[in-house]
Amino acid sequence: PRVCVVGSGPAGFYTAQHILKHHGGALVDIYEKLPVPFGLVRFGVAPDHPEVKNVINTFTQTARSERCAYYGNVTVGRDVTVPELQQAYHAVVLSYGAEDNRVLGIPGENLPGVFSARAFVGWYNGLPENRDLKPDLSCETALILGHGNVALDIARILLSPLQLLRKTDITDSSLAALACSKVKRVWLVGRRGPLQVAFTIKELREMINLPGARAVLDPADFTGLENAVKDAPRPRKRLTELMIKTALEKPVEGQAGAAAPRVWGLKFQRSPQEVLPSADGRRARGIRMALTRLEGSGDSAKAIPTGDVEELECGLVLSSIGYRSLPLDPAVPFDCQRGVIPNSSGRVEGVPGLYCSGWVKRGPTGVIITTMNDSFDTAQSVLEDLQGGVLDISPSREGFGVVESILRSRGVRPVSFSDWEKIDAAEVARGKAAGKPREKIVDPAEMLRIIG
């Protein structure tokens with residue numbers, strides 16, 4: 001059987017890995033829009049979290065398998081359609097992730113100085129489409145909307161001492177911009193309360209221990225919460241206890257952090273209403289927020305505006321309220337409301353032989369391990385359908401043979417995994433010269449030149 005996987009992030013690679021491991025004869029081809037593989041492991045994981053990127057070693061082993069092939073620089077839906085892939089393969093798995101972000105839907109969100117977290121992370125991580133972002137970091141206060149791990153990542157990058165970032169694979173241009181940054185206060189704002197934050201304890205602890213930065217949490221936000229979390233699941237309990245401890249700690253004179261030049265804090269029960277323009281209307285100068293009260297409890301609590309509002313001055317607004325998947329091809333059903341492909345255990349509804357895994361399957365939540373389990377689940381569905389005869393493998397399918405001639409006729413040149421390894425070697429060499437693990441190449445045209 002020939003299987004095609006669209007997208008080379010964790011979802012794509014874990015799906016391929018599981019199929020290759022549990023079917024001795026399957027051939028898997030992975031297609032990727034960019035010349036370079038690994039999706040959010042390369043472009044989403046924070047530069048100062050190199051240990052999280054170790055999964056790349058596993059993915060590389062999968063790509064080097066003689067039954068696996070990688071074709072980068074191919075945009076499915078444009079260079080080749082999904083129906084064309086279905087003609088060439090016995091099964092097609094869509095694992096292309098979430099390439100857009102949710103919008104705030106408030107006045108002023110398009111003012112200069114307002115960015116999506118996705119674009120900002122893409123900028124410092126070398127995602128080609130965000131390489132020209134040029135955020136203005138000349139203000140003292142930045143405001144991040146959202147209480148997830150991505151919001152904490154951004155706050156940490158904005159406030160990290162430069163000598164820490166210099167040793168990472170953060171891009172050269174974003175390092176230069178951060179070196180001139182005037183940002184010294186970062187507020188992370190959420191519509192709900194401390195019991196609803198989505199970040200995890202590891203990220204919070206890292207932020208609390210950040211050298212040269214001090215946490216400012218209002219003890220009033222945590223009144224009575226010790227009792228409320230007594231019976232909560234352990235991760236939620238420990239996370240809340242750490243926030244309470246941080247809120248109550250008084251900085252001791254002379255202690256590290258007591259007179260830290262930079263501060264960050266969490267603000268709760270505030271919902272953005274409008275980004276306020278500067279006097280000349282040319283950029284953001286602040287944000288008006290509705291104060292909210294909570295109805296219900298736990299994860300299902302809803303934030304209801306109280307009628308009171310508050311304004312906060314800030315020259316940089318980063319919206320970290322979630323990523324969003326987009327429809328890929330008119331031939332593929334898509335639920336625009338939920339931003340996912342309708343499916344059952346990864347089987348796309350109403351289209352036999354078509355599957356999905358990762359964020360486009362279940363929505364943009366969870367960490368790499370969540371995506372791994374989710375992808376194994378989809379791969380299992382493919383294997384069951386192969387075994388149960390649901391997928392007819394009697395007609396031989398040509399796989400890449402067919403696709404190659406389609407791409408050639410359209411002037412598209414796919415990039416192989418060994419081509420990527422040339423780019424990889426060039427990046428590592430450039431990084432070594434600068435004392436970094438790698439210097440990412442951010443221009444696809446330059447990537448293609450290196451391959452020759």
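Return the aspartates and glutamates within reach of residue 237: Cα separation strictly under 13 angstrom, same-chain partners fewer than 8 residues apart disregarded; answer none if there are no such residues.
Hits, sequence-local ones excluded: 226.
Give me the percent relative contact order of segment 216-338, please, defined on Cα pairs under 8 angstrom at least 6 residues apart.
Working: 130 pairs, mean separation 19.3, N = 123.
Relative contact order, segment 216-338: 16 percent.
To the nearest 0.05, what FRET efficiency results for residue 295 and residue 205 with a Förster distance of 45 Å applied to their C-beta separation?
Between residue 295 and residue 205 the formula returns 0.90.
Once you place label points 7 Å from the Cα toward the Cβ at residue 232 and residue 58, how far apart are they in nm?
My value for the distance between the label points is 2.9 nm.
Kindly write out, for segment 100-114 in residue order, the coupling ³J(HN,Hα) from the Karplus curve 6.51 cos²θ - 1.76 cosθ + 1.60 (θ = phi - 60°), rounded to whole Hz, with x marking Gly and Pro.
So the J values, rounded to whole Hz, are 9, 10, 6, 9, 6, x, 10, x, x, 6, 9, 5, x, x, 10.
Roughly to the nearest percent, how much of the accessible area of segment 1-150 is carbon and sulfur, given a 1.4 Å probe?
Solvent-exposed carbon and sulfur of segment 1-150 make up 48 percent of the total.
Hey, for a label at residue 406 modelled as a point 7 Å past Cα toward Cβ, could you say which residues of segment 45-75 have their backbone N under 13 Å away?
Residues passing the 13 Å test: 74-75.
Specify which residue in the list 88, 111, 75 is farthest towards the positive end of the charge dipole of segment 1-147, using unit charges on the beta carbon of Lys, Arg (+1) and Asp, Glu (-1), about the Cα centre.
Value computed over the given set: 88.
Spin-label point model (7 Å from Cα, Cβ direction): what's the residue 140 to residue 65 distance in nm?
Distance between label points: 5.7 nm.
Could you sort 82, 402 by accessible area so the largest value comes first, with the probe set to 1.4 Å?
Details: 82 0, 402 50 Å².
The ordering from most to least exposed comes out as 402, 82.
With respect to the cross-link table entries 202/432; 53/436; 182/440; 167/202; 134/440, which display a Cα-Cα separation exceeding 19 Å?
Result: 202/432; 182/440; 167/202 exceed 19 Å.
Defining a contact as two alpha carbons under 8 Å apart and six or more residues distant in sequence, what relative contact order in percent does segment 102-319 show?
Working: 402 pairs, mean separation 63.5, N = 218.
That works out to 29 percent.
Rounded to the nearest 0.05, what FRET efficiency do residue 279 and residue 306 give with R0 = 22 Å and r taken as the Cβ-Cβ distance? Could you check?
After rounding, the FRET efficiency stands at 0.15.
Over the chain, give the accessible area per residue in Å² for a 1.4 Å probe, as an integer. Show your work: numbers first, answer last.
On the way: 20140 Å² over 452 residues.
The answer is 45 Å² per residue.
Probe radius 1.4 Å, ligands and nucleic acids ignored: give me the carbon and sulfur share of the accessible area of segment 298-425 as a rounded percent.
The C+S portion of the solvent-accessible surface of segment 298-425 is 53 percent.
Grab the beta carbon distance between residue 349 and residue 250, set R0 = 56 Å, and tell me the FRET efficiency rounded to 0.05.
Once rounded, the FRET efficiency stands at 0.50.
Could you work out how far the C-alpha centroid of segment 392-417 sits from that of segment 134-183, in angstrom?
If you average the Cα positions of each part, the centres end up 42 Å apart.
If one computes the Cα centroid of segment 311-364 and of segment 80-97, what distance in Å separates the two points?
About 17 Å separates the Cα centre of segment 311-364 from the one of segment 80-97.
Within segment 204-297, which GluC sites (Glu not before Pro) sit in a loop by DSSP and count at most 16 neighbouring Cβ atoms inside 10 Å?
Taking segment 204-297 and a limit of 16 other Cβ atoms within 10 Å, the loop GluC sites (Glu not before Pro) found are 249, 253.
Answer rounded, prolate or oblate for segment 101-151, using the Cα gyration tensor with square roots of eigenvalues a ≥ b ≥ c: rounded when a/c is under 1.5, else prolate when a/b is larger than b/c, else oblate.
In terms of gyration-tensor shape, rounded.
Report the antiparallel proportion of the DSSP beta bridges in the chain as a percent, rounded to a multiple of 5.
Looking only at bridges with both residues in the chain, the antiparallel portion is about 40 percent.
State whether segment 198-329 is rounded, prolate or oblate according to the following rule on the C-alpha gyration tensor (a ≥ b ≥ c being the square roots of its eigenvalues): a/c under 1.5 gives rounded; otherwise a/b larger than b/c gives prolate, and the remaining case gives oblate.
oblate
Would you mind classifying segment 102-319 by shape? Square roots of the alpha carbon gyration tensor eigenvalues, ordered a ≥ b ≥ c; an a/c under 1.5 is rounded, otherwise it is prolate if a/b is larger than b/c and oblate if not. Let's see the in-between values first.
On the way: a/c = 1.68, a/b = 1.21, b/c = 1.39.
Oblate is the answer for segment 102-319, as a/c is 1.5 or above yet b/c matches or exceeds a/b.
Exactly which trypsin sites (Lys or Arg not before Pro) in segment 37-91 are in a DSSP loop and have at most 13 other Cβ atoms within 10 Å?
Values: sites: 42, 53, 64, 67, 78; in loops: 67, 78.
Qualifying residues, ordered by number: 78.
Given Cβ point charges of +1 (Lys, Arg) and -1 (Asp, Glu) and nothing else, what value in debye, to the nearest 20, does the dipole of the chain about its Cα centre take?
My answer is approximately 860 debye.
The values are calculated or read from the model by the stated rules, or taken from the named source; none is laboratory data. What you see is a predicted model; the values in this text were computed from it and never measured. Please note: Cβ atoms are built from the backbone with ideal geometry, for glycine as well, and neighbour counts cover all protein chains shown. These area figures cover heavy atoms from the full protein model, side chains too; ligands, DNA and RNA do not enter into them. Shrake-Rupley method; radii C 1.70, N 1.55, O 1.52, S 1.80 Å.
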